[in-house]
Amino acid sequence: MIYFIVGDIMKIICDTHVHSENSFDGESSVSDICNSAVEKGINTVTITDHMEAPEIRFGDKSIYGNAKKMIGKSVSDVEETASKFDGKVKLLKGMELGEPMHFPKLTKKALEISDFDFILASVHNLKDTEDFYYLEYTEENIGSLLKSYFEELLDTALNADFDSLAHLTYPLRYIYERTDIKPDLESYGEIIDAIFKALINREKSLEINTSGLFKPIKTTLPDINLVRRFKELGGKYVTIGSDAHNCKDLGKGVEKGIEIAKICGFDHYTIYEKREPKLIEIWY
Ligand SMILES: [Zn+2]
Ligand SMILES: [Zn+2]
C-alpha cells in the first residue's frame, strides 16, 4: 500500500540517510541526532548505520567493527529513542547494506536482524577490492573501475533486497577529490539506463545523496542530469539523504536535494516505513 502525505503543501524535511555512532565512521548518539533534528526542524530521520554484509565473516576482527553487534546496537538505540521523541521527530529504523550481492547468504542474515523500516543498498567496493575511498586513481584505471562499479550496481539493482539505491556515482566523490580527471559518464549511459530501468521495474527508489554538494565534486550523487534521466525513463520514487556522520551534517543539503527532485519533475519524494513507500509532497 502507498500512503500519500499531503496537506497545505507543508514544508516536510526528512533525512533518510544518517549514520550514528554505531557506524565505524559515525560520531553522534541517536539521541543527540534527534535533539539536533528538533533544533533544525527536521521531521523524520532514518538511521542507516553501515552493514557491510561481507564483513560478517570477520566478526570482531573486521576493520569496520563487528557488523552484527553494531547494527544490533543501532536497532536497539533507535527503538529506545523513538518513543522519547514521539510527536517531535519521527525516528525510523534503517540500514545501509553494503555490497549485498557479494555474499547473498550473509546479506540474508543481515536483513533478518530486525524488522527494518528502510534498506539502502550501496556498493562501496568491488568484490575483493578495498572501498573506493582507499583506491589510487590514474588515467589508466578509472575507466575500468567505473565500468566494474556500474556492472555491480546493475546486478544489485536487478537482484538485491533493498528499497533505495544509495549514492549512485559514489567513486566520483573520490576521483574529483584526488585527481584532475573529470570522467565523462556518457560512455556509461547505456548501463546507467539499465540500472534505472531495473529500479523502475522493481518499484525501487533512487537516492539523491546530498553529501557531494559539500565535496569538490559539488553535485548530488547522482547529479541532477542523472536524476532527470531517471524521471524521463519513468522513475517514480526518490529518497533524499544527507549521509551525515554527525549532528552537524544532519539534514545538510536535503532541501537542495528536494529542490532537485522537483526540478526533475518529481512532485513527491519518498520515505519508507516498514519497507513501504510513503510519498511526501514537495512544497515548492
Ligand atoms: Zn555509503
Ligand atoms: Zn552512508
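None of the figures in this text is laboratory data; all of them are computed from the coordinates on show. These figures come from a predicted structure and were not determined experimentally. Please note: Cβ atoms are built from the backbone with ideal geometry, for glycine as well, and neighbour counts cover all protein chains shown.
Values for this structure:
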| quantity | calculated |
| --- | --- |
| Residue that is farthest from ligand 1 (Cβ to nearest atom), among those in the range 98-141 that are of a type in the set (Phe, Trp, Tyr) and more than 23 Å from ILE63 (Cα to Cα) | PHE116 |
| Test for THR81: is it closer than 20 Å to VAL123 by Cα and of a type in the set (Ser, Thr, Tyr) | no |
| From LEU168, LEU146, residue being over 23 Å from LYS68 (Cβ atoms), in contact (Cβ under 8 Å) with a residue 40 or more places away in the chain and in contact with a Phe, Trp or Tyr (Cβ under 7 Å, 6 or more places away or on another chain) | LEU146 |
| Checklist (1) within 16 Å of ligand 2 (Cβ to nearest atom); (2) outside any strand (DSSP E or B); (3) out of contact with any helix residue (DSSP H, G or I) (no Cβ under 8 Å at 6 or more places or on another chain) applied to LYS197, failing item | (1) |
| Cβ-Cβ under 9 Å pairs, at least 6 apart or on other chains, the range 259-279 side surrounded by fewer than 16 Cβ atoms within 10 Å (Cβ to Cβ), far side in a helix (DSSP H, G or I) and of a type in the set (Val, Ile, Thr) | ILE263/ILE224; ILE263/VAL227 |
| Identity of the residue in the range 118-138, crowded, with 24+ Cβ neighbours inside 10 Å and of a type outside the set (Val, Ile, Thr), that ends up nearest to the chain's Cα centre (by Cα) | LEU120 |
| Breaking point among (1) part of a loop (DSSP other than H, G, I, E, B); (2) away from ligand 2 (no atom under 16 Å from the Cβ), for LEU158 | (1) |
| Among (1) crowded, with 22+ Cβ neighbours inside 10 Å; (2) more than 16 Å from ligand 1 (Cβ to nearest atom) - the single one MET95 does not satisfy | (2) |
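The rows are residues; the columns are (1) within 23 Å of LEU145 (Cα to Cα); (2) within 15 Å of ligand 2 (Cβ to nearest atom); (3) out of contact with any Cys (no Cβ under 9 Å at 6 or more places or on another chain).
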{"site": "TYR170", "(1), (2), (3)": "yes, yes, yes"}
{"site": "TYR176", "(1), (2), (3)": "yes, no, yes"}
{"site": "GLU190", "(1), (2), (3)": "yes, no, yes"}
{"site": "LEU221", "(1), (2), (3)": "yes, yes, yes"}
{"site": "ILE224", "(1), (2), (3)": "yes, no, no"}
{"site": "LYS231", "(1), (2), (3)": "no, no, no"}
{"site": "SER242", "(1), (2), (3)": "no, yes, yes"}
{"site": "ASN246", "(1), (2), (3)": "no, yes, yes"}
{"site": "GLY253", "(1), (2), (3)": "no, yes, yes"}
